[in-house]
Amino acid sequence: MFAISFDSDNRTLYWYFTEIMAGSTTAEDEGTAFLYLDAAQQLIGAQIALDYDTTEHNLTGALEHPVVSFDSDTRILAIRLFDETPAETIELVEPAVMDFDDSEQLQGFELQLPAIEQLDVQLERIVPFLVTFDSPAEDPDDVERTPETQMFAPNTEEVAFRSGFVALVGKPNVGKSTLLNAFLGRKITIVSPKPHTTRIPVRGILTTPAAQLIFVDTPGIHDPRNKLGSFMVDQAQRAIPDADVVCFIVDISAPPSRLDERIATITRRSRAPRILVLNKTDQPSRDGQPHLEAYRELGPWDMEVAISALQEEGLDILVDEIVRHLPIGTRLYPSDQITDQSMRDHAAELIREQVLHLTEQEIPHSVAVEVDEWEERERVLYMRMTINVERESQKAIVIGAKGAMLKRIGSAARKQIEEAIERPVYLDLWVKARTNWRDDPTSLHWLGYTKRKT
């Protein structure tokens, strides 16, 4: 199968190399995208510049189609729909988004077209390749795409049991982790006022009589400055394709930034229902209405809900709206399980949280905690952990005068760990300087920040 579909609302072209079934996409990647145009400025093909993580093995299915070719020297994947040389090759602003299945085969890719007049004319030559898909019967509640802000009575309609994954996406410090902890009524992910606190996706599981919601708290999407930052952004973006519902979390007390616009573009590519979550309503703003209109313009959105994660206001309404958009299904986790994060990982994160709270501004981004030893002893659980920093000067700050800072970190973290596991803990902390670990692939792998295709 080779086909193309066009979404006129979002100006996106999807190029299929195989039939894509619901849930078959397990990973996502990006590449610089170009369009091939003929002398009349009509589209006749496309190309993607691939990185070295994508190999010919990943392209086996795609290369079975005569219109597809790959140059291993230039790393260019080309789709030439007609046997002619393009008159012009233009680079797109947005990268191509590529989908891979569980065997790491490229299923297809999506291109975001620029806003131009007479776009239908430019697409005339690819009409023979275009396919359309049958849409399910319209639900009267879903006919209007323009959302109505929900701030009052929740939906009380009885429905069959529903379950699925809910991606919480947004830029750093918009309250994603605070929201997840509020949903579950206990801390499963660390929070701090400093950006980039969450580094890997954390799943929180909320089970009600009517549904099971698996929330995926993603790292804040930002412009990365090192390999760790690139890893975090990659992890956040990979959570979106598999989500059954995507919640775009924004700070309603501030206007949309360039990052908000970028994340909204990524979110719009999702085929799942998209909910605009207007957080921080507890922070008064004279410009609330203009901010609301600006965030609406980043859509379209299936629904928008105003909340305060910090004050736990509006959460029941948001849960009801998420459940309404989840597919009918069975429980994916036991009803009493609230996270898939191991206690070891959670304990290490609680230590990193105290470093974030107690040390200087330069330290937090340079810290990673690894578990060296975890041993059941007669009366306590013994934990030996290493706090990794990037420079000897940072090591001195974390240790403090006569070890005072390290004792403060350990004491505060130990109390939270003991509350989480409900038993006494002996916490043995060490500090190590691992030079420039955030840009060292070996160190990133050692500390668990490993980029995977699947």
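Within the stretch 383-411, can you find the residues that are of a type in the set (A, V, I, L, M) and more than 11 Å from residue 358 (Cβ to Cβ)? Selection gives 383, 385, 387, 389, 396, 399, 401.
In the stretch 269-281, what residues are outside any loop (DSSP other than H, G, I, E, B) and without any contact (Cβ under 8 Å) to a residue 40 or more places away in the chain? Of everything in the stretch 269-281, just one residue is outside any loop (DSSP other than H, G, I, E, B) and without any contact (Cβ under 8 Å) to a residue 40 or more places away in the chain, namely 274.
Do the conditions hold for residue 218, that is, is it among the hydroxyl-bearing types (Ser, Thr, Tyr), modelled with pLDDT of 90 or more and in the same structural domain as residue 277 (by TED's automatic domain parsing)?
Working: among the hydroxyl-bearing types (Ser, Thr, Tyr): yes; modelled with pLDDT of 90 or more: no; in the same structural domain as residue 277 (by TED's automatic domain parsing): yes.
No; evaluated as a whole, the condition is false for this residue.
Listed here are the residues, each with its yes/no results for (1) more than 28 Å from residue 299 (Cα to Cα); (2) of a type outside the set (Val, Ile, Thr); (3) part of a strand (DSSP E or B); (4) in contact with a Gly (Cβ under 6 Å, 6 or more places away or on another chain).
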| position | (1), (2), (3), (4) |
| --- | --- |
| 4 | no, no, yes, no |
| 35 | no, yes, yes, no |
| 48 | no, no, yes, yes |
| 54 | yes, no, no, no |
| 57 | yes, yes, no, no |
| 66 | yes, yes, no, no |
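Taking the stated definitions as given, is residue 296 modelled with pLDDT under 90 and assigned by TED's automatic domain parsing to the domain that holds residue 174? No, not satisfied.
Are any of the residues in the stretch 282-291 in contact (Cβ under 8 Å) with a residue 40 or more places away in the chain and either closer than 23 Å to residue 178 by Cβ or surrounded by fewer than 18 Cβ atoms within 10 Å (Cβ to Cβ) (or both)? Step through it out loud before you land on a result.
Of the stretch 282-291, the ones in contact (Cβ under 8 Å) with a residue 40 or more places away in the chain are none.
No, the stretch 282-291 has no match at all.
Can you name every one of the helices (runs of 4 or more DSSP H) wholly within the stretch 327-425 that holds 1 or more residues which are at pLDDT below 90 and over 31 Å from the mean Cα position of the chain (by Cα)?
Details: elements: 343-358, 392-399, 404-421.
Of the helices (runs of 4 or more DSSP H) lying wholly inside the stretch 327-425, those with at least 1 residues that are at pLDDT below 90 and over 31 Å from the mean Cα position of the chain (by Cα) span 392-399.
In the set 389, 398, 369, 355, only one residue is surrounded by 20 or more Cβ atoms within 10 Å (Cβ to Cβ) and either assigned by TED's automatic domain parsing to the domain that holds residue 212 or without any contact (Cβ under 8 Å) to a residue 24 or more places away in the chain (or both); that residue is 369.
Taking the criterion of being at pLDDT below 85 and either of a type in the set (Asp, Glu) or surrounded by 21 or more Cβ atoms within 10 Å (Cβ to Cβ) (or both), the residues of the stretch 241-262 that qualify are 242, 243. Considering (1) surrounded by fewer than 16 Cβ atoms within 10 Å (Cβ to Cβ); (2) at pLDDT 90 or above, the lone condition that residue 111 does not fulfil carries the number (1).
The values are calculated or read from the model by the stated rules, or taken from the named source; none is laboratory data. Keep in mind the model is a prediction, meaning the values are calculated, not measured. Ideal geometry is used to build each Cβ from the backbone, glycine not excepted, and the neighbour counts take in all protein chains shown.
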